Amino acid sequence: MAPYYLLKGKKSGQTIQDVTYFDLHPFFSLYPKLSKEEYNVEISTLLSNNLIEEKEAFIFITEKGLGQIKSMRETLYNGWDLRGNEHIFWRRLDLTVQTLSHFQANEKRFIPNQKDNAIHHFVRGFLLERNFQSSTFGSQFKNQLMILLENPKLLEIHRTLFVYRLSGYKESGLTWEQLAQAQNSTILDMKFQFIECLHILLSDITAEKFPDLYALLKDIYVLTPLTDSATKTSQLFEKGYTIDEIAQMRFLKLNTIEDHVIEIVSANQSFPIYSFITSEQLQRVLDISKQLKTKKLKIIRENASDLSYFQIRLALTKGEEVHG
């Protein structure tokens, strides 16, 4: 279930660890609404198509699976920094386009495609700050969108999904079912390609190039990747408290605070760790991991029994910086 928790963006110590150990930041929280049923269907499909196989509770990629991976282009996701917030940007954009479209058709009453009151409030404020009823602003906004969609990193399927999901005057965006049928694909594939499209576009939006689109980006990027609880722990470390003192002060188990430390180091490689592990111990863990070609804690500890699991986890997490 580790990939499932990764895609969902589970903020557990183990998932954050996986993100750091295996450099999976682009895929973290890529699809927070992914259901176990959807996930299990996809795993079953991979198994039935002989792309992966299961042996003694381990999953292996088959030769056929490796061949498919090698034939695929590199994806351009940014899950770590967005955490699903790209959909908030999209809903703001969709309602803005729908509103401008109706006003330009001199139709000021319409049923908004987006139902979220927070989206309504944001878009209302966005439009009122601009002369949105003028044809000049409408043309300006449309021009920014057109230039944005010229991004060379986009595939044609990205542009298709982006345009056909939009709603306007007498036009409703297509459903995922309609898009999947039109593209002879699955709904899940359509959704992941749409997410990638948004991630590519968001990386290109700057205040200089796209001033109006940039305004729709407010609070979309996650400024601090830490959970609220880990943030509180981090603040106490900054005040000089020890790990044991923090556990007592916060009425939490020691291993919970250890999870926080792993999370903090994952997000901030400058966090001081040498009160928990020496540089020699850290290097020994990294050497064992490299020699045995594993990041499995149990196997490493069998070869470094004097170290705790926490120290091994810490070394592997910090080791991402040591090895560049």
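The values are calculated or read from the model by the stated rules, or taken from the named source; none is laboratory data. All values derive from a computational prediction rather than experimental measurement. All Cβ positions, even for glycine, are placed from backbone atoms using ideal geometry, and neighbour counts span all protein chains on display. Calculation scope for accessible area: heavy atoms of the full protein, side chains included, ligands and nucleic acids excluded. Shrake-Rupley method; radii C 1.70, N 1.55, O 1.52, S 1.80 Å.
Given the options Lys8, Lys33, name the one that is farther than 29 Å from Lys290 by Cβ, surrounded by fewer than 14 Cβ atoms within 10 Å (Cβ to Cβ) and either aromatic (Phe, Trp, Tyr) or touching a helix residue (DSSP H, G or I) at 6+ places or on another chain (Cβ under 9 Å) (or both).
Lys33
Residues that are among the β-branched types (Val, Ile, Thr) and closer than 30 Å to Leu226 by Cβ: which helices (runs of 4 or more DSSP H) entirely in region 11-85 hold 3 or more of them?
So the answer is 13-21.
Among the residues of region 137-153, are any buried (at least 19 other Cβ atoms within 10 Å of the Cβ), free of Cβ contacts under 8 Å to residues at least 40 places away in the same chain and part of a helix (DSSP H, G or I)?
Scanning region 137-153 turns up no residue that is buried (at least 19 other Cβ atoms within 10 Å of the Cβ), free of Cβ contacts under 8 Å to residues at least 40 places away in the same chain and part of a helix (DSSP H, G or I).
Quick check: is even one residue across region 56-75 touching a residue at least 24 places away in the same chain (Cβ under 8 Å) and within 17 Å of the chain's Cα centre (by Cα)?
The answer is yes, given that some residue of region 56-75 is touching a residue at least 24 places away in the same chain (Cβ under 8 Å) and within 17 Å of the chain's Cα centre (by Cα).
To keep it simple, each residue is scored yes or no on (1) assigned to a helix (DSSP H, G or I); (2) open to solvent by 40 Å² or more (accessible area, probe 1.4 Å); (3) at negative phi.
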residue: Leu161; (1), (2), (3): yes, no, yes
residue: Lys191; (1), (2), (3): yes, yes, yes
residue: Glu196; (1), (2), (3): yes, no, yes
residue: Thr206; (1), (2), (3): no, yes, yes
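I need the full set of residues from region 189-217 which are of a type outside the set (Lys, Arg) and over 17 Å from Leu155 (Cβ atoms), in order please.
Ile205, Thr206, Ala207, Glu208, Phe210, Pro211, Asp212, Leu213, Tyr214, Ala215, Leu216, Leu217, listed by residue number.
Out of everything in region 221-235 that is surrounded by fewer than 19 Cβ atoms within 10 Å (Cβ to Cβ) and of a type outside the set (D, E, K, R), what residue ends up being farthest from Asn78 (Cα to Cα)?
At the first step, the residues of region 221-235 found to be surrounded by fewer than 19 Cβ atoms within 10 Å (Cβ to Cβ) are 221-224, 227-229, 231-232, 235.
Remaining after also requiring of a type outside the set (D, E, K, R): 221-224, 227, 229, 231, 235.
Working: Tyr221: 10, Val222: 11, Leu223: 13, Thr224: 15, Thr227: 18, Ser229: 24, Thr231: 22, Gln235: 27 Å.
Ranking the candidates gives Gln235 first.
Pick from Gln281, Gln291: which is over 31 Å from the mean Cα position of the chain (by Cα) and open to solvent by less than 80 Å² (accessible area, probe 1.4 Å)?
Gln281
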